[in-house]
1. Has the stretch 124-133 got at least one residue that is surrounded by 15 or more Cβ atoms within 10 Å (Cβ to Cβ), touching a helix residue (DSSP H, G or I) at 6+ places or on another chain (Cβ under 7 Å) and in a loop (DSSP other than H, G, I, E, B)?
2. Could you pull out the residue among Ala50, Ala96, Ala80, Ala9 that is within 24 Å of Ile145 (Cα to Cα) and at pLDDT below 90?
3. What strands (runs of 3 or more DSSP E), lying completely within the stretch 52-114, carry at least 3 residues that are surrounded by 15 or more Cβ atoms within 10 Å (Cβ to Cβ)?
Amino acid sequence: MNRIDDVKAGVAVIILNEENQVLLQKRSDVGLWGIPSGHIEIGETVSEAAIREVKEETNLDIRIKKLIGVYSDPNSQVFAYPNGKVIHFITTCFLAEITGGELRCNSSESLDVKFFAQQNLPQDLLNMHPRWLKDAFANRELAFIR
């Protein structure tokens, strides 16, 4: 592994609609699709951060249903930003349900937000997100620690 500039706590939220399709956002920073996700801010809990990030990025209100997993493996959790900064994320991934709001790109961080069938996901997904999706679709009671 090369240089890592920082380690950060992150959250990711998998949201399924009534047709069991998963919500993804096309990120403006790297132009790739991914699960709504972001950083935990100082003074915030992981669930507060998850709810805030989803609202900021998709305009949806959510309720956390369960913990899917905690991901820290540097082989999948190191992310290089276009500005050259390299971050090792410790990500808490949740499954959530929509409680309100209307889906739309709600920030400059997203180029698009939409639901995809689980068997028809875009090919240009962020590298760590297929693992999170696979774990969520496994429908396991216990959380994964990877």
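The values are calculated or read from the model by the stated rules, or taken from the named source; none is laboratory data. For clarity, every value in this text was computed on a predicted model and none was experimentally measured. Every residue, glycine among them, receives a Cβ derived from its backbone with ideal geometry; neighbour counts consider all protein chains shown.
1. First pass over the stretch 124-133, keeping only residues surrounded by 15 or more Cβ atoms within 10 Å (Cβ to Cβ): 125-126, 128-129, 131-133.
Checking which are touching a helix residue (DSSP H, G or I) at 6+ places or on another chain (Cβ under 7 Å) leaves us with 128, 131.
Next, only the ones that are in a loop (DSSP other than H, G, I, E, B) stay: 128.
The answer is yes, given that some residue of the stretch 124-133 is surrounded by 15 or more Cβ atoms within 10 Å (Cβ to Cβ), touching a helix residue (DSSP H, G or I) at 6+ places or on another chain (Cβ under 7 Å) and in a loop (DSSP other than H, G, I, E, B).
2. Testing whether each residue is within 24 Å of Ile145 (Cα to Cα) and at pLDDT below 90 leaves just Ala80.
3. 60-71, 86-101
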